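Accompanying notes for the structure given below.
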Amino acid sequence: MEHIDAELEILNSSLNNPVVLEEYKKRYDDYKPHLLPRILGHLLVWCGNTVYGKKPSYLKFRAVEVIARVPYHSWDSASFTFLTMFYQNEEKAMHLAQLSQFARLASDNETMHVVVISALAKVEQKANVVVHTVIPMLFAFFYFWAAYWLYVFNPRDAFELNYLFESHAFEQYSRFLEENEEELKKKTMSSKYLEWYGRAPLNQYEFFKSVRNDEIIHRNKSIEEIEKLGNRG
Ligand SMILES: [Fe+2]
Ligand SMILES: [Fe+2]
C-alpha cells in the first residue's frame, strides 16, 4: 500500500459509478488546448494508431503505458531542476513540490499499468520485439526530453498535451471495456505487482475499469495544474 495515495484510490473507486464518472468527466470535456499541444497530440495518437492499429488491444495498451509514464517523470525532473534555483522562494518551492508529488504518484500509477498489462498481454498476444519493445523504448527516450523542455518553456502546453494523451487513453480503455465486457469478466486476475500496489480487482473487467478511471483522473488533474498556474498569475 505504500505507493498509493488513499485519496486518489477513493476517487478512483467512486468513478465506478457511471453518474459520478460522467460528472467528473464533464468538468473538462470542453477544454480547448492551444495549437501546439493539439498538433503534437494528434501526431502522437496518429503514430500510435498507425503502428498499433486503431482498435484497442493488450499490446497497444502496453506501448501506450510505456509512453504515458514518461511526461510525469519529465515534470518531476524539471521541478527538481527548478528547485535547485528557486528554493529561496517559498511559494514557488511549494508549488513545485506539489507538482512533483502529483507527478510521482501518477508515474508510479502508470508503472503499475505497464507492468500488470504486459503480464496480461503475454497470455493474449504474441509481441514483436521491434514493434512492441524497441519502438516504445526509443520513443520514450525522445518523449522524455520533449516533455521536459515543453514543461520548462511552457508548462501550460505540457499539461495540455498530457490532457490530450490521457483523453485518448481513457477513450481506448472505455472502448475496450465496452467491446469485451463479458469476456473480461470471465478472466481472473492474479498479479503480485498489483497486490503490492494495493489493488485487488476480482477480474480483468474490474482491473481495466480501474485503469480507465486512473486515466480520466490524470486528464482532469493536468488541467487542474493549469488552473494552479493561472492562480499564481
Ligand atoms: Fe495508464
Ligand atoms: Fe494516465
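Since every read-out is calculated from the coordinates, none of them should be taken as a lab result. Note that the structure is predicted; figures quoted are calculated from it, not measured. Don't worry about glycine lacking a Cβ; one is built from the backbone with ideal geometry, like all the others, and counts go over all protein chains shown.
Taking θ as phi - 60° and the Karplus parameters 6.51, -1.76 and 1.60, the scalar couplings of the stretch 191-204 work out to 9, 5, 5, 5, 5, 5, 5, x, 10, 9, x, 6, 8, 5 Hz in sequence order, x denoting glycine and proline. Test of understanding: extend the Cα→C-beta vector of PHE142 to 7 Å, then name every residue of the stretch 54-69 with backbone N under 15 Å from that spot. What the label zone holds, given the 15 Å backbone N cut-off, is 67. Cross-link candidates for LYS92: which lysines have Cα within less than 25 Å, leaving aside residues fewer than 8 places away along the same chain? Reachable lysines: LYS221, LYS228. Given only helices, namely DSSP H runs of n ≥ 4 each adding -39500 (n - 2.57), what is the per-residue ellipticity at 222 nm of the chain, to the nearest 500 deg cm²/dmol? Dividing the helical sum by the residues of the chain leaves -27000 deg cm²/dmol. Given their separation in residues at 0.36 nm each and the Cα-Cα distance between them, VAL123 and ASN203 gain 27.3 nm when the chain is fully extended. When Rg and the Kirkwood Rh are both derived from Cα coordinates, the Rg/Rh ratio for the stretch 6-232 amounts to 0.96. When the Cα convex hull of the stretch 163-233 is projected onto planes of every orientation, the mean area is 5.7 nm².
Between VAL131 and GLU91, the modelled label-to-label distance comes to 5.3 nm, taking each label 7 Å out from Cα in the direction of the beta carbon.
Basic side chains Lys and Arg get +1 at the Cβ, acidic Asp and Glu get -1 at the Cβ, and with that the dipole of the chain about its Cα centre reaches some 660 debye.
Across the stretch 162-176, rounded Karplus estimates of 3J(HN,Hα) from the backbone phi angles (6.51 cos²θ - 1.76 cosθ + 1.60, θ = phi - 60°) give 5, 3, 5, 5, 5, 4, 4, 4, 4, 5, 5, 5, 4, 5, 4 Hz, Gly and Pro being marked x. For the chain, a Gaussian network of Cα nodes joined below 10 Å ranks TYR163, TYR151, TYR193 by mean-square fluctuation, and the top entry is TYR193.
Look at where the Cα atoms of the stretch 162-227 and of the stretch 33-108 average out, and the two centres are 17 Å apart. Computed across the stretch 103-233, the Kirkwood hydrodynamic radius from all distinct Cα-Cα pairs reaches 16.4 Å. Derived scalar couplings between HN and Hα for the stretch 140-145 equal 4, 4, 5, 5, 4, 6 Hz in order, rounded to whole Hz, by the Karplus curve 6.51 cos²θ - 1.76 cosθ + 1.60 (θ = phi - 60°), x for Gly and Pro. Length gained on full extension, GLU183 to LEU36, computed as 0.36 nm times the residue gap minus the Cα-Cα distance: 48.9 nm.
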